[in-house]
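A.B. asks: Below is the structure I would like to discuss, written out as structure tokens.
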Amino acid sequence: MRRGFHVLIQAVGYYLLALPGLLLLSGLLWWGLDQQNPFVIPHLAEASALFFFWVLLCAPVIEEVFFREYLLTKLSGSPKFGPWRACILTAVLFASLHGIIAWLPLFYLGLVLGYLRMKTKNLSLVIGIHVLHNLTVVSSQLLLSSSSSIIAP
């Protein structure tokens, strides 16, 4: 139990360190799209509990097991790639899986997750950061969709 709490505190700390970069890249993207709310997911407030369970828990676990545990480990051990190329490639693939709109912020998140996975060798930590990121995105989406006075930067 104590170990799990320690990993959670670490995940929060690392996520807070990565958050300014994510916000900056998202803000630049939002500004570049020149739309009021390009990231608001329509009808999110009406989504089922199963959707939230998937987005907040299942997807982070599955994605991190595949991208950071399997693919990053496999590629970083290859003489053709090495750790840094593997980290970049898995970040590119991770961001591409999520679509073009938020590609740059998710590429950055993929780099952060890959770096932390290589540095700490702790898959639980990167899963925790991914869960926190998805929770932040879903929460902000719900706030944006419920507010009619949001103005784009």
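The values are calculated or read from the model by the stated rules, or taken from the named source; none is laboratory data. Keep in mind that what you see is a predicted model, and the values were worked out from it rather than measured. Reconstructed Cβ throughout: ideal geometry from the backbone, glycine too, with neighbour counts over all protein chains shown.
A.B. asks: In the list T73, T90, which residue meets the criterion of being surrounded by fewer than 22 Cβ atoms within 10 Å (Cβ to Cβ) and part of a helix (DSSP H, G or I)?
C.D. replies: Values: T90 fails: surrounded by fewer than 22 Cβ atoms within 10 Å (Cβ to Cβ).
Residue meeting the stated conditions: T73.
A.B. asks: So V126 fits all but one of (1) in contact (Cβ under 8 Å) with a residue 40 or more places away in the chain; (2) surrounded by fewer than 16 Cβ atoms within 10 Å (Cβ to Cβ); what number is the exception?
C.D. replies: Looking at each condition in turn, V126 falls short on (2).
A.B. asks: Do we have V12 as under 17 Å from the mean Cα position of the chain (by Cα), assigned to a helix (DSSP H, G or I), loosely packed, with under 15 Cβ neighbours inside 10 Å and at pLDDT 90 or above here?
C.D. replies: Values: under 17 Å from the mean Cα position of the chain (by Cα): yes; assigned to a helix (DSSP H, G or I): yes; loosely packed, with under 15 Cβ neighbours inside 10 Å: yes; at pLDDT 90 or above: no.
Spelling it out, it is not the case that V12 is under 17 Å from the mean Cα position of the chain (by Cα), assigned to a helix (DSSP H, G or I), loosely packed, with under 15 Cβ neighbours inside 10 Å and at pLDDT 90 or above.
A.B. asks: Moving on. Being under 11 Å from the mean Cα position of the chain (by Cα) and at pLDDT 95 or above narrows it down to one residue among V137, V112; which is it? Outline the logic, then answer.
C.D. replies: Details: V137 fails: at pLDDT 95 or above.
Step by step, each of V137, V112 is checked, and only V112 is under 11 Å from the mean Cα position of the chain (by Cα) and at pLDDT 95 or above.
A.B. asks: Looking at region 55-67, can you tell me whether even one residue there is surrounded by 21 or more Cβ atoms within 10 Å (Cβ to Cβ) and more than 13 Å from the chain's Cα centre (by Cα)? Outline the logic, then answer.
C.D. replies: In the first step, residues of region 55-67 are kept if they are surrounded by 21 or more Cβ atoms within 10 Å (Cβ to Cβ); the result is 60, 64, 67.
Add one more test, that the residue is more than 13 Å from the chain's Cα centre (by Cα), and what stays is none.
There is no residue in region 55-67 that is surrounded by 21 or more Cβ atoms within 10 Å (Cβ to Cβ) and more than 13 Å from the chain's Cα centre (by Cα).
A.B. asks: Next question. When you look at V7, is it at pLDDT 90 or above and in a helix (DSSP H, G or I), yes or no?
C.D. replies: Details: at pLDDT 90 or above: no; in a helix (DSSP H, G or I): yes.
The answer is no for V7.
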